[in-house]
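Read the structure below first, then the notes.
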Amino acid sequence: MAEPARKLTFTFAEYLAREQGSEAKHEYLNGEIFAMAGGTPEHGLMAVNVASVLRGQLVGRRCRVYNSDVRVRVRATGLATYPDVSVVCGALERDPEDENSILNPVVLIEVLSPSSEAYDRGEKFAHYQAIPSLREYVLVSYQRRRVEVLRRNDDGTWTLHDVRESGVAELSSIGCRLPLDEVYLGVFEGSEEEVG
């Protein structure tokens with residue numbers, strides 16, 4: 001007797017049910033569910049460093065910093081994903097289909113990795129551009145001290161602000177600064193910035 005065909009597509013509700021019972025995180029797009037790769041200790045440290053710097057600067061303001069446990073949904077394209085760091089200012093907008101997915105980040109930050117860099121720079125950024133509230137998309141390099149800030153202009157185009165070595169990345173949409181010395185604190189072994 002032949003085995004039944006494996007289900008190839010899922011509704012968003014089915015994805016949410018599967019995600020709730022899963023220890024791993026998954027992205028959802030066009031009925032498909034994709035496992036997200038686990039990060040390295042360095043990846044995790046960079047994400048925590050960025051979130052800590054931003055949180056410290058946003059205390060007392062109407063902006064909140066979220067880590068990669070918070071799902072972002074792009075309503076226009078259907079993508080559901082977990083950015084490394086998200087910043088929401090003002091009232092939090094939740095997805096009507098999922099109260100645990102947020103819709104209105106102002107800043108999204110991805111720490112790049114060898115397996116995700118092409119996706120984060122290309123297809124994922126294309127999805128993120130469809131979020132009306134998004135003003136800045138930040139890419140943090142895993143290879144060297146480099147932070148790229150893609151900033152949405154008033155006409156809807158995006159401008160790249162590339163910061164390297166010991167510079168400071170400006171996040172003008174939230175009035176914050178990301179000093180690369182703090183972003184990479186303790187990340188590269190053997191350097192003077194190593195924690196110890």
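The values are calculated or read from the model by the stated rules, or taken from the named source; none is laboratory data. All figures in this text were calculated on a predicted structure; none of them were measured in a lab. Reconstructed Cβ throughout: ideal geometry from the backbone, glycine too, with neighbour counts over all protein chains shown. Heads up: the accessible areas ignore ligands, DNA and RNA and are worked out on the full protein's heavy atoms, side chains in. Shrake-Rupley method; radii C 1.70, N 1.55, O 1.52, S 1.80 Å.
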For region 40-72, what are the residues that are among the hydrophobic types (A, V, I, L, M, F, W, C) and touching a helix residue (DSSP H, G or I) at 6+ places or on another chain (Cβ under 8 Å)? Met46, Val50, Val53, Val65
Can you name every residue in region 18-39 that is under 24 Å from His127 (Cβ atoms) and open to solvent by 70 Å² or more (accessible area, probe 1.4 Å)? Arg18, Gln20, Asn30, Glu32, Phe34, Ala35, Ala37, Gly38
Filter pass, Gly56 being surrounded by fewer than 16 Cβ atoms within 10 Å (Cβ to Cβ), among the small types (Gly, Ala, Ser) and modelled with pLDDT of 95 or more: yes
In this structure, is Arg75 assigned to a loop (DSSP other than H, G, I, E, B), open to solvent by 40 Å² or more (accessible area, probe 1.4 Å) and of a type outside the set (Phe, Trp, Tyr)? yes
Exactly one of Leu8, Leu58, Leu16, Leu54 is under 22 Å from Ser141 (Cα atoms) and out of contact with any Pro (no Cβ under 6 Å at 6 or more places or on another chain), and that one is Leu54
Can you tell me which residues in region 40-53 are among the β-branched types (Val, Ile, Thr), open to solvent by less than 80 Å² (accessible area, probe 1.4 Å) and outside any loop (DSSP other than H, G, I, E, B)? Val50, Val53
Go through the residues of region 175-190 one by one and say whether even a single one is modelled with pLDDT under 95, under 30 Å from Gly78 (Cβ atoms), open to solvent by 20 Å² or more (accessible area, probe 1.4 Å) and in a loop (DSSP other than H, G, I, E, B). no
Pick out the one residue from Tyr119, Tyr142 that is touching a residue at least 40 places away in the same chain (Cβ under 8 Å) and more than 24 Å from Arg64 (Cα to Cα). Tyr142
Output the strands (runs of 3 or more DSSP E) that fall wholly within region 82-170 and possess 3 or more residues being surrounded by 14 or more Cβ atoms within 10 Å (Cβ to Cβ) and touching an Asp or Glu at 6+ places or on another chain (Cβ under 8 Å), or say none. 107-111, 136-140, 146-152
Can you tell me which residues in region 54-72 are assigned to a loop (DSSP other than H, G, I, E, B) and within 16 Å of the chain's Cα centre (by Cα)? Asn67, Ser68, Asp69, Val70
